[in-house]
Structure formats: C-alpha cells, structure tokens
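The values are calculated or read from the model by the stated rules, or taken from the named source; none is laboratory data. Quantities reported herein were computed from a predicted structural model and do not represent experimental measurements. Neighbour counts run over all protein chains shown; Cβ positions are idealised from the backbone, glycine included. Ligands, DNA and RNA are stripped out before the accessible areas are found, and what is left, the full protein with its side chains, is counted by its heavy atoms. Shrake-Rupley method; radii C 1.70, N 1.55, O 1.52, S 1.80 Å.
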Amino acid sequence: MTHETLDAAAALLPAEAIDAIERAATSAHRHEDLFSERAANIKQSAVRDVFDISMRPGLVSLAGGSPYLQSLPLERLARTAATIIAEDGLTALQYGGGQGMEELRAQICEVMAAEGILDALPQNVVITAGSQSAQDVATKVFCNPGDVVLVENPTYVGALNTFEAYQVQVETVEMDSHGLVPDLLEARIAALQTAGKNIKFLYTIPNFNNPSGITLAQDRRQQIVDICRKANILVLEDNPYGLLRFDGEPLAPLRAANPADVIYMGSFSKIFAPGLRIGWALVPEHLQRRYYLASEAVTLCPPTLNQMLVSAYLREYDWKGQIETYRGLYAERCQAMLAALAEHMPDGASWTSPEGGFFVWVTLPDGVDTYPLLKKAIDAGVVFIPGAAFTPSDDPSNKLRLAFSAVPPDAITEGVRRLAPVLREAIAAL
C-alpha cells in the first residue's frame, strides 16, 4: 500500500467513507509504543487495501454522504470569492476573532430561525470548523476519561471517533422507526447511574439520523430533553440535515424550547458546501464562555475567507431557494433508491424509508456480517459502508448504510442491482 494508492483512493471515496470503513476493523501499527493512551484508543484499520480494487473504472459509490454540489452557481461563487479577496483581502486573508465574524453569527441565527429556533442570539453562537469540530470541543469541555456519553444506536461515525479519542465510555440507546425510545433512554440512564457512572451528555441526530435516516418523532422530542434534564445530563443536538426534509416544514429542534439544556450544532456542509468547513454551536449562555475558549484553543480562529464567502452567500444569494433545489434532488434520489431496493433486494432484507437527509439503512437477517461483504461488493462494482462502523461495539453487524445524495438516479438503480446478488449469496449461506 503506497501513499499514491491512498491518495487515489481518497479521490474516489469521500473522506467520511474512508473514516467510517476504518472503524469496522482494527490492526497493528508500527510505533504503537509511542502512542499516547488517547491515540492508542482510536481504532486503526487495514481495510484501505480494498481501495486498490475499488479504484477500477465504473464503480458505483453508495458510500459517502456528500451533497450534490453541481447544483450550486459555481461561476458566480467564483466571482464572489475573487471580489472578496480583491476588495477585502487584508481582512479575508488575516487572522480573525476566535468566536467567528459577528455578521455571520447573526446570519446563522436567521438560518436557525428557518429551522424553528427563534430566540438565538449571535453572542451565544461559536463558529467552528464544521460540526465535527463542535463535537470535539463539547467533548473536551465536558468529559474526563471514563465519563459516559449516550448515543443512539446506530450513530455518526465521526462522533464515535471523537468520543474514543477523549477516552469516554460510549453507551448506546436503541431506536425504533420513530427514533430514540424515551423509556429505553430513561432505563439506560438509571442503570448507569446505579452503577456509579458519570453521564455527561446525550449525543443525538434527531433529523434523518446518520446512518439510519430515521427521524425522532415530534411527540418524543420534549420527553427526551425532560429525561436528560431530570438526570442533569446535557443534550448535544447535531442537526446538519434538518432543512433537507423532502416534504413539509422542518420539525422543531430539541433546542427550540430548551435553551438552557441543549447545545445545538449546525453546519453549512450539507446546505452549502462541506469544503468550506464552516459549522457552529449555539451554546447555552451559562456555558458559552468555557465553550468558546476551548474552541479558540483548538483552531485559534475559524477561516476568515471562508466565513466571508458563506456570509456573502447568505446575504446575496437565494440560499433558501438552493435548499429547495437540494430537497427536490434528494427526494428524487431517495425514491430511486427505495424503488431499486424494492425491486432487487433479496427476501429477508429490510430498510428504512427516510423523510429527508442522505441515507437508507439496510438490515439483513441475523448471522450475516456485512463487513466481509464489502470486498465482494467492490468486486461487483459497488461500495457501501458496513454497519459495524456506526456503533462502538466490536460485534459483527448485519446492517449497512447506503447514501443516495451524490449519485444520479440511474446510477443508484445500477448500484443496488450490483449489490443485490452479493447480499443474496450471504443470506443463502446462513
């Protein structure tokens, strides 16, 4: 395995896909004795060798949750970026404030208002390097090694990597088709507290969960916050997909009615452009100072040029119209995937039907391990993410994630058609 091979693989598969696949296995690594305890706790992987196979032409990637940037007005954005540098380059290319630019923080409050958060104040917004950075800062601020973080099962691979890096104990709470189950959350908290565990926060993706696509039901949202408040547990709400609901208005975030109990994390990665690495945290006022200082210690300041480009986009472009375009595109692609699954999937397979977002979660019969199927799928010309990537457990998983956001409908259909025989063979072998 060469650096050139890895670079070429990274060009083919999104970073999130590589990151997620890495969680599905561990391997020995040179210089292990030099690792800190924290670094040694992060899972490593030998799975990258499958990318030698996956680089062949014609592969359909249903792995990465990337937005469809081809729908953006790229030429106009290029002119805007050039104007920013030409007219305000001394600001755009200089250090900035650690909390982020005031104009952008005010605009972010307008974005959150479109999601249902009507009382956000710019002074409580901290701009971060994507919501991934916001998760990292929250974990650094609140968690000591051995503390407990609660997560949905399954949950976002990037969050799991962050929690492992800070040596926290990750405990899962099961979901059903309506999201996190309040009774199970309450029971898990009680059991952990009885065992003397120190639970710091619940990390949740209530809208179109990554990877499952499941949405937390409206009538459960306040119950979840109330259960956590009673136990003095913060809620860390990650909502990158909330505006990408296919039909109707966005469901009100958990933060909307609970300003003192929820740290809300948003991102422009899914509604604008992930390469700009601009996200934010809306932090309860009594926690804002500690959170902001910790964020500044990591990044010093968010990238000023990127902030100015996002700010210009929100000020001068029809960003709400662009979201409507995204919603239509992703709804069409989701329907293409669901139709292809219905046509091609073998008996015994089931899957979620998301109301928005990027992902469909496929479940195979007990006894099937989807991780070894990855290489067979690549041989068949399609790639997915094994379910083991999205849980802290080391047990085999009979789940897999398919992403439809960046793939045209005809390619989605072809990818599912290629995948089906691989899954059919695995089920038949039980």
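Quick look at the values:
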{"read-out": "Check on residue 296, crowded, with 24+ Cβ neighbours inside 10 Å, touching a residue at least 12 places away in the same chain (Cβ under 8 Å) and of a type in the set (Asp, Glu)", "value": "no"}
{"read-out": "Output for the range 97-111, where each listed residue is in contact with a Pro (Cβ under 7 Å, 6 or more places away or on another chain) and either in a loop (DSSP other than H, G, I, E, B) or surrounded by 18 or more Cβ atoms within 10 Å (Cβ to Cβ) (or both)", "value": "100, 105, 109"}
{"read-out": "Looking only at the range 221-253, and only at residues there that are charged (D, E, K, R) and either out of contact with any Gly (no Cβ under 6 Å at 6 or more places or on another chain) or free of Cβ contacts under 8 Å to residues at least 40 places away in the same chain (or both), the one that is most open to solvent (accessible area, probe 1.4 Å)", "value": "230"}
{"read-out": "Boolean, residue 401 is open to solvent by 10 Å² or more (accessible area, probe 1.4 Å), touching a helix residue (DSSP H, G or I) at 6+ places or on another chain (Cβ under 8 Å) and either farther than 30 Å from residue 78 by Cα or in a helix (DSSP H, G or I) (or both)", "value": "no"}
{"read-out": "Residue check, residue 34 loosely packed, with under 14 Cβ neighbours inside 10 Å, modelled with pLDDT of 95 or more and more than 30 Å from residue 257 (Cβ to Cβ)", "value": "no"}
{"read-out": "Residue pairs meeting the criteria (Cβ under 8 Å; at least 6 apart or on separate chains; first farther than 22 Å from residue 382 by Cα, in the range 61-75; second part of a helix (DSSP H, G or I))", "value": "71/322; 71/325; 71/326; 71/329; 72/322"}
{"read-out": "Hits in the range 128-160 - residues which are aliphatic (A, V, I, L, M) and open to solvent by 10 Å² or more (accessible area, probe 1.4 Å)", "value": "129, 141"}
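For (1) more than 30 Å from residue 69 (Cβ to Cβ); (2) in a loop (DSSP other than H, G, I, E, B); (3) of a type in the set (S, T, N, Q); (4) without any contact (Cβ under 8 Å) to a residue 60 or more places away in the chain, each residue gets a yes or a no:
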position: 323; (1), (2), (3), (4): no, no, no, no
position: 329; (1), (2), (3), (4): no, no, no, no
position: 334; (1), (2), (3), (4): no, no, no, no
position: 338; (1), (2), (3), (4): no, no, no, yes
position: 346; (1), (2), (3), (4): yes, yes, no, no
position: 361; (1), (2), (3), (4): no, no, no, no
position: 378; (1), (2), (3), (4): no, no, no, no
position: 389; (1), (2), (3), (4): no, no, no, no
position: 392; (1), (2), (3), (4): yes, yes, no, no
